[in-house]
Amino acid sequence: MLYIRQIVTLLIGLYTVRVVLDVLGVEDYGIYNTVAGVVGLLGFLSETMASASQRFFSFALGQNDRKQIQMVFSVNFIIYLAIAVVALVLFETLGLWFVNEKLVVPPERYEASCTIYHYAVMTFVVMIMRSPFMALIIAHEDMQIYAYMSILEAVLKLGIVYLLVFINFDKLELYGTLVFIITMLTTLIYVGIALKKYRKYNFKINKWNKTLFKEITDFTGWTMFGQLTNTLRHQAVTVLLNQVFNPLVVAARTIATSVSGQINVFANGFNTSLYPPIIKYYAANEKQNMFSLIYNGSKITFFLMWILALPLFLEMETVLNIWLKDVPQYAVLFTKLTIIESVIFSISMPLTTAARAPGRMKIYELTLGTIQILIFVFSWIVLKLGAAAYSVFIVAIIANIVMFFVRLIIVSKLIQLPKIQFFRNVVIPIMGVSVVSFILSYTVHSVLPDGIVFAIISILASVIFCAISMYFIGLNKYWRRKVREIVINRVNIFVKR
């Protein structure tokens with residue numbers, strides 16, 4: 001049921017992008033994402049604190065320490081509040097100056113750009129303050145709440161797009177306003193659910209612990225560095241494309257990242273569910289269970305990406321032409337390259353989670369963060385040398401391959417994860433699945449003529465080839481037996497109904 005809800009979220013998300021692009025127009029859509037990208041440059045703060053909170057909540061749950069959970073919540077909430085205040089000051093001073101003076105925006109849209117910037121700032125601050133409550137829900141592995149809220153948020157965002165059609169007001173400004181209102185509403189729901197469901201902890205904000213504060217700030221500081229560099233890799237490159245090219249190129253990049261983001265829904269949702277048990281196994285010193293979870297988690301995360309990514313990659317032009325009324329130039333190529341980048345990164349997701357288990361983030365974040373900074377640096381260099389806009393995606397793909405090996409080496413030292421076993425249990429099966437399913441899928445795609453009906457046949461064939469290769473090549477005997485049992489049970493339940 002969890003993945004059915006994720007499918008619903010994915011479809012709504014993809015359709016929303018189509019409608020937003022149609023209602024706002026390509027130029028205003030590019031302007032919105034460029035201006036919001038400035039806020040995204042500090043958006044890593046929310047993700048950093050959420051990651052830190054989940055780690056300490058899960059660790060305390062693994063040790064079954066209720067008092068520690070109370071303390072973690074209190075200390076985190078105070079830190080979140082301080083970060084929200086600092087971020088607000090930075091956004092409304094340096095950030096506002098950058099929007100006014102440096103962004104390439106048509107003169108007639110300057111006022112609207114400033115308005116949506118202020119709403120993007122308020123949206124960000126609200127998201128900062130809801131992060132500890134979301135972290136608490138995820139640490140307790142209540143993923144259904146997370147899934148239902150994701151659907152609600154997706155439906156509300158789709159709803160506001162249709163409101164834009166009927167309200168006679170500047171659509172760009174109104175869109176930013178309504179996105180803020182939705183964020184505020186969903187935040188209140190998250191807070192209400194967390195306080196009611198976990199009231200047994202008797203949360204009090206006045207609890208303080210200097211030792212815990214030092215642990216959290218040390219963990220958060222290095223994680224923040226990693227998130228900052230990750231933001232530079234994404235948001236700053238978007239701003240860079242705006243500076244070198246124009247909002248139309250930014251719109252194409254935004255569509256590409258939107259598609260890859262929706263494809264990532266399954267992988268991200270699954271990996272989010274892995275975070276608490278990996279941390280809990282580490283806290284309980286159950287290393288073998290943790291290793292098994294990492295191996296299988298890495299394969300399944302990749303499978304969830306690949307079964308969507310491959311058919312969409314092969315039929316991307318047809319899919320975008322059906323999905324969007326007006327496909328921006330470069331959107332097809334950008335989307336294909338972004339999918340490749342996302343597929344490579346998906347294998348590393350459980351490794352990234354495992355790296356946080358010991359709480360010693362310095363070497364991990366410093367090394368990988370430096371590589372991510374280099375992505376932006378090399379993107380800037382190649383564009384200055386006159387390279388095409390797609391070159392920034394090539395840089396990111398190469399860097400992701402390097403980062404995979406670096407992650408594996410560092411994580412193996414942090415938690416004693418056997419590298420040979422990881423290659424044997426994860427990398428080799430994944431390579432087999434990728435090669436076989438790609439050859440079969442591409443063969444069918446290449447022999448079929450153009451047309452929507454044949455594209456659907458190609459997509460279905462690719463999904464089937466992926467599923468078959470995953471079953472026979474990607475899974476060992478134990479997991480093949482488990483899959484058969486699950487399928488048989490589901491069929492029996494359906495027949496009885």
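The values are calculated or read from the model by the stated rules, or taken from the named source; none is laboratory data. Owing to the predicted nature of the structure, the values given are computational and were not obtained by experimental measurement. As a convention, Cβ positions derive from the backbone with ideal geometry for all residues, glycine included, and neighbour counts pool all protein chains shown.
Below, the figures for the structure above:
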read-out	value
Pairs with Cβ under 8 Å, 6+ apart, first in segment 156-179 and farther than 17 Å from Tyr32 by Cα and in contact (Cβ under 8 Å) with a residue 24 or more places away in the chain, second part of a helix (DSSP H, G or I) and not β-branched (Val, Ile, Thr)	Leu156/Leu185
Residue among Pro358, Pro350 that is surrounded by fewer than 22 Cβ atoms within 10 Å (Cβ to Cβ) and of a type outside the set (Phe, Trp, Tyr)	Pro358
Breaking point among (1) surrounded by fewer than 19 Cβ atoms within 10 Å (Cβ to Cβ); (2) modelled with pLDDT under 85, for Val89	(2)
Identity of the residue in segment 255-285, within 24 Å of Pro106 (Cβ to Cβ) and touching a Leu at 6+ places or on another chain (Cβ under 9 Å), that ends up surrounded by the most Cβ atoms within 10 Å (Cβ to Cβ)	Ile255
Within segment 96-111, tally of residues that are in a helix (DSSP H, G or I) and either surrounded by fewer than 20 Cβ atoms within 10 Å (Cβ to Cβ) or touching a Lys or Arg at 6+ places or on another chain (Cβ under 9 Å) (or both)	10
The listed residue being at pLDDT 90 or above and assigned to a helix (DSSP H, G or I), out of Phe270, Phe302	Phe302
Candidates Glu173, Glu92, Glu141, Glu153 - the one that is over 25 Å from Thr211 (Cα atoms), part of a loop (DSSP other than H, G, I, E, B) and in contact with a helix residue (DSSP H, G or I) (Cβ under 8 Å, 6 or more places away or on another chain)	Glu141
Enumeration of residues in segment 117-150 that are of a type in the set (Val, Ile, Thr) and modelled with pLDDT under 80	Ile138
Selection status of Tyr478, at pLDDT below 90 and of a type in the set (Ser, Thr, Tyr)	yes
Some residue of segment 425-448 being closer than 19 Å to Phe291 by Cβ and not β-branched (Val, Ile, Thr)	yes
Residue in segment 193-210 that is within 25 Å of Tyr80 (Cα to Cα), at pLDDT 75 or above and surrounded by 20 or more Cβ atoms within 10 Å (Cβ to Cβ) present	yes
Failed criterion for Leu366 (all others in (1) under 22 Å from Val250 (Cα atoms); (2) under 22 Å from the mean Cα position of the chain (by Cα); (3) in contact (Cβ under 8 Å) with a residue 40 or more places away in the chain; (4) surrounded by fewer than 16 Cβ atoms within 10 Å (Cβ to Cβ) hold)	(1)
Hits in segment 72-83 (condition: crowded, with 20+ Cβ neighbours inside 10 Å and aliphatic (A, V, I, L, M))	Val72, Val75, Ile83
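For every residue, the table says whether it meets (1) out of contact with any Phe, Trp or Tyr (no Cβ under 9 Å at 6 or more places or on another chain); (2) acidic (Asp, Glu); (3) touching a residue at least 40 places away in the same chain (Cβ under 8 Å).
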{"residue": "Met184", "(1), (2), (3)": "yes, no, yes"}
{"residue": "Lys214", "(1), (2), (3)": "yes, no, no"}
{"residue": "Thr217", "(1), (2), (3)": "yes, no, yes"}
{"residue": "Trp222", "(1), (2), (3)": "no, no, yes"}
{"residue": "Leu228", "(1), (2), (3)": "no, no, yes"}
{"residue": "Asn242", "(1), (2), (3)": "yes, no, yes"}
{"residue": "Thr254", "(1), (2), (3)": "no, no, yes"}
{"residue": "Val265", "(1), (2), (3)": "yes, no, yes"}
{"residue": "Tyr275", "(1), (2), (3)": "yes, no, yes"}
